[in-house]
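Chemist: Below you'll find the structure I mean.
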Amino acid sequence: MEQAVRRHAGDEAAVGVETGPMTPWLVHELRRRKLNVICLDARHARAALQMQINKTDQNDAEGLAQIMRTGWYRAVHVKSYEAHRARALLGARAQLVGMTTRLSNHIRGVLKVFGLLPGAMRGLPF
């Protein structure tokens, strides 16, 4: 992609990328290759692209290019890989803690049916 951008638009071209799940990887990789990348707010770009009659990928790309040429966009910050990594680890931890709590509570509920009441075990393994 880098070679195509440089061949068709030159070294001073600005590349516009909509926000999405692959945006962090794409933006960081293009910036590593010394391209001027601007990340566009997807909601703002969507509002501008809804005026098109024919919604195709090619027309969307042309519409994004027009937004970039006119300067009618809202640039957004792309977090670093370290920030994404920390967020992913915190999210995974929250999921595991929630799963452990739900499983523990389920087992306690099942044991109550049989008259078994494991006491409060704060901080201890179940």
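Chemist: Checking residue 110 against (1) open to solvent by 100 Å² or more (accessible area, probe 1.4 Å); (2) over 25 Å from the mean Cα position of the chain (by Cα); (3) more than 29 Å from residue 1 (Cβ to Cβ): exactly one of these is not met. Which one?
Modeler: That leaves (1) as the condition not met.
Chemist: Is it true that residue 97 is closer than 22 Å to residue 20 by Cβ, within 26 Å of the chain's Cα centre (by Cα) and not small (Gly, Ala, Ser)?
Modeler: Considered against the rule, which asks whether it is closer than 22 Å to residue 20 by Cβ, within 26 Å of the chain's Cα centre (by Cα) and not small (Gly, Ala, Ser), residue 97 comes out as no.
Chemist: Select from region 61-91 the residues that are among the β-branched types (Val, Ile, Thr) and loosely packed, with under 11 Cβ neighbours inside 10 Å and list them in ascending order.
Modeler: 70
Chemist: Identify the residue in region 1-33 that is of a type outside the set (A, V, I, L, M, F, W, C) and within 21 Å of residue 70 (Cα to Cα) and, among all such residues, is nearest to the chain's Cα centre (by Cα).
Modeler: 19
Chemist: Is it true that some residue in region 50-60 is buried (at least 16 other Cβ atoms within 10 Å of the Cβ) and among the aliphatic types (A, V, I, L, M)?
Modeler: No, region 50-60 contains no residue that is buried (at least 16 other Cβ atoms within 10 Å of the Cβ) and among the aliphatic types (A, V, I, L, M).
Chemist: Which pairs have Cβ atoms under 8 Å, sit 6 or more apart or on different chains, and link a residue in region 12-37 that is over 13 Å from residue 79 (Cβ atoms) and touching a residue at least 12 places away in the same chain (Cβ under 8 Å) to one that is buried (at least 17 other Cβ atoms within 10 Å of the Cβ) and polar (S, T, N, Q)?
Modeler: Taking only residues 6 or more apart or on different chains, the pairs are 17/23.
The values are calculated or read from the model by the stated rules, or taken from the named source; none is laboratory data. Because the structure is predicted, anything quoted here is derived from the model rather than measured. Glycine also receives a Cβ, built like all others from the backbone with ideal geometry; neighbour counts cover every protein chain displayed. SASA here: full protein model, heavy atoms, side chains in, ligands and nucleic acids out. Shrake-Rupley method; radii C 1.70, N 1.55, O 1.52, S 1.80 Å.
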